[in-house]
Amino acid sequence: HTSHTSHAVAAMSSRRSLISVFLAVAIVFNVAVFLRGRAQQQQHGQQQTQLEQTLRALSDTQQQINALQAQMTPAAAAVAAAVKDSHPLNNALQQAQQAAAAAQQAAQAAAAQAAEVAAAAAAKAQQAAQAVVAAAAAAAQQQQQPPPQQPPPQQQPPQQQPVVMDRCELKFGGAGFRDARPVCKSSNGGGSSTGENNSGSFECLVNSDLGPADSICVGTNLMLDPSKISVSKGGEPIEAVAGQAEDKEYAKLMHGALSVSGCEMQQPSPVRGDAQHYLKAVLSSVSQHPGPTVCSKWIEEPAFFIQRYEYVNLYHTTTDWYNVFQALEAAGLLEHARPELGPNGVRVPKARPHHIVFLDGHPAGNLDDAWKEMFTPNVHRLSEFAASGGASGNTCFRKAYFVHAGYASAINIRHDSCSSIRAVREFANFVLNAYGLVDTPTTPKRVTFLFREDYLAHPRNMGGRVTRHIRNRAEIETALKAATDGVGGGFDPARMTLREQLTVARTSRALIGLHGAGLTLVLFMHNDARLVELPPTDKAGEQHFLLLSRFAGVQYQHNGDNMSPQPVGSEDYNVNPEGVAAFARAHL
């Protein structure tokens, strides 16, 4: 009994001490919180008074702890006296006394430690209270002053998954153009932007995963001599140049039309034999000119030269756009247009300042304005520089890029296993961002049928006749609207601006059409949308749009249930309206 009593007394004392300690800490914490809240509303004198009251309360708490410790000793002595003369329980008494002493030491140690914690907390509370009072006083002094303006937060680049430079990324992205082959080698140092002693260079960057035909050639401090260039003006209404021979629309560059100073030409040229299309003429025209580079005009921003071929055809123009985009990436001239990634999971890029120069004299086309919307307002025709004439009219380019032709584009009928390619999806975002359509969502139930109609494309076809018409367009549109509650329908790209075409592609759940350039819009559809190509018999083996769908990561379907085009005459077709309606109902 004595042993149990001793343990009980010790435990009771220890609990009382700990309770007192925690009570003191709680008081300190609550007082500190109270002082912090009140300090923002009351004057400095009232806060100081409350601080003094808090310190007095802490002093009273310390005195209570000391009183509890003083009460513990008589209690333990009373227990020992009650059992002192009980010889049979001598061993138990000794054990109880030892236990009581141990408990008392533990309680004293705990109380001392708690007292230290409480004192430290009190000190911190006092410092916090003084800081709050000081802050309140400072706020009162600055109450009438306007808050300082914070600088706008800097946009952080989006957190895109690291790009693995595998064969597909090197083939379709700008990083693949890394095999530099010099056309000439610089023999002296550079000069000033005034044109004096500006030595130049000229080299071609070959993408080994594509081949030498896909080179991007780069000239520095390049001089353009208009007296050695022949090209039609370009940009005229088609009606004004009706019947014009196509040959007149392509530039003729004589040797020396492009030249660099202080750069020894390499013989034989390491890339001229492999070059295709207009790059052959460009490389043949480059020469070394003696003396300093003297020009009447310098273009300081990078300039990208390209010769367009089928300039009003959406498919072939898109290959030109893609090649320039690829060259911009190779030149390090792409940056984030916004911090967020696009819905397709890759960045949304835009281009830094640059110029575009058309090495052709085509008349005005329906896609000309898209170059300015997409790339830069600084779009020029070669005739602008060639019209100057004479040596004094030379124009010099600090850095000129000659972009491979669209026929040699990575996205032009490459029978490749690459799919959902980062570079292709970023190109789609690049185009959509120029028109503010990146985040445009798909419209529920929108299934769209693309029709081909006649349009005036170039001076050699003034009638505007195209092939692969759909004869029963009205029946298809009626059936499609009925199947989609009036949301679906048809459209003709030739009658729409590029912005309108992109909007249709971006909002459609499915796009259906005969083989034709308009299906290039698949590049700009959402990844959960679907392209349905209905190829006529003579186009059954073509894979243009199958590959574009794969590269962009969009679903592709070849023909469909009961939708195969049926020939009507030599160039036109019918498509079963019920088959189109059944497809629409199945894929809403």
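The values are calculated or read from the model by the stated rules, or taken from the named source; none is laboratory data. Computed from a predicted structure; not experimentally measured. As a convention, Cβ positions derive from the backbone with ideal geometry for all residues, glycine included, and neighbour counts pool all protein chains shown. Heavy atoms of the whole protein, side chains included, go into the accessibility calculation; ligands, DNA and RNA do not. Shrake-Rupley method; radii C 1.70, N 1.55, O 1.52, S 1.80 Å.
So is Ser296 in contact (Cβ under 8 Å) with a residue 40 or more places away in the chain, open to solvent by 10 Å² or more (accessible area, probe 1.4 Å) and not aliphatic (A, V, I, L, M) or not? Yes: the conditions hold for Ser296. Selection over region 310-333 of residues that are over 20 Å from Arg452 (Cα atoms), outside any helix (DSSP H, G or I) and in contact with a strand residue (DSSP E or B) (Cβ under 8 Å, 6 or more places away or on another chain) gives a count of 2.
Counting only residues that are at pLDDT 95 or above, open to solvent by less than 10 Å² (accessible area, probe 1.4 Å) and not in a loop (DSSP other than H, G, I, E, B), region 397-422 holds 3 of them. Please go through region 206-233 and give me each residue that is buried (at least 22 other Cβ atoms within 10 Å of the Cβ) and under 38 Å from the mean Cα position of the chain (by Cα), ordered by number. Val206, Asn207, Asp214, Ser215, Ile216, Cys217, Val218, Gly219, Asn221, Leu222, Met223, Leu224, listed by residue number. Exactly one residue out of His458, His526 is on the phi < 0 side of the Ramachandran plot, open to solvent by 10 Å² or more (accessible area, probe 1.4 Å), modelled with pLDDT of 95 or more and in a loop (DSSP other than H, G, I, E, B): that is His526.
Does region 547-581 hold any residues that are free of Cβ contacts under 8 Å to residues at least 40 places away in the same chain, closer than 25 Å to Phe524 by Cα and either among the hydrophobic types (A, V, I, L, M, F, W, C) or assigned to a helix (DSSP H, G or I) (or both), and which are they? Ser549, Val554 - these are the residues of region 547-581 that are free of Cβ contacts under 8 Å to residues at least 40 places away in the same chain, closer than 25 Å to Phe524 by Cα and either among the hydrophobic types (A, V, I, L, M, F, W, C) or assigned to a helix (DSSP H, G or I) (or both). In region 428-441, the residues that are in contact (Cβ under 8 Å) with a residue 24 or more places away in the chain form Cβ pairs under 7 Å with partners that are open to solvent by less than 20 Å² (accessible area, probe 1.4 Å) and part of a loop (DSSP other than H, G, I, E, B), at six or more places apart or across chains, as follows: Asn429/Gly342; Asn429/Val346; Asn429/Val348; Asn429/Val438; Leu432/Val438; Asn433/Val348; Val438/Gly342; Val438/Val348. Taken over region 334-368, the criterion of being touching a strand residue (DSSP E or B) at 6+ places or on another chain (Cβ under 7 Å) and open to solvent by 40 Å² or more (accessible area, probe 1.4 Å) is satisfied by Glu335, His336, Lys350, Arg352. Return yes when Pro377 is crowded, with 20+ Cβ neighbours inside 10 Å, at pLDDT 95 or above and either in contact with a His (Cβ under 9 Å, 6 or more places away or on another chain) or not in a helix (DSSP H, G or I) (or both) and no when it is not. Spelling it out, it is not the case that Pro377 is crowded, with 20+ Cβ neighbours inside 10 Å, at pLDDT 95 or above and either in contact with a His (Cβ under 9 Å, 6 or more places away or on another chain) or not in a helix (DSSP H, G or I) (or both). Quickly run through region 461-497 and pick out the residues that are part of a helix (DSSP H, G or I), touching a strand residue (DSSP E or B) at 6+ places or on another chain (Cβ under 8 Å) and modelled with pLDDT under 95. Of everything in region 461-497, just one residue is part of a helix (DSSP H, G or I), touching a strand residue (DSSP E or B) at 6+ places or on another chain (Cβ under 8 Å) and modelled with pLDDT under 95, namely Pro493.
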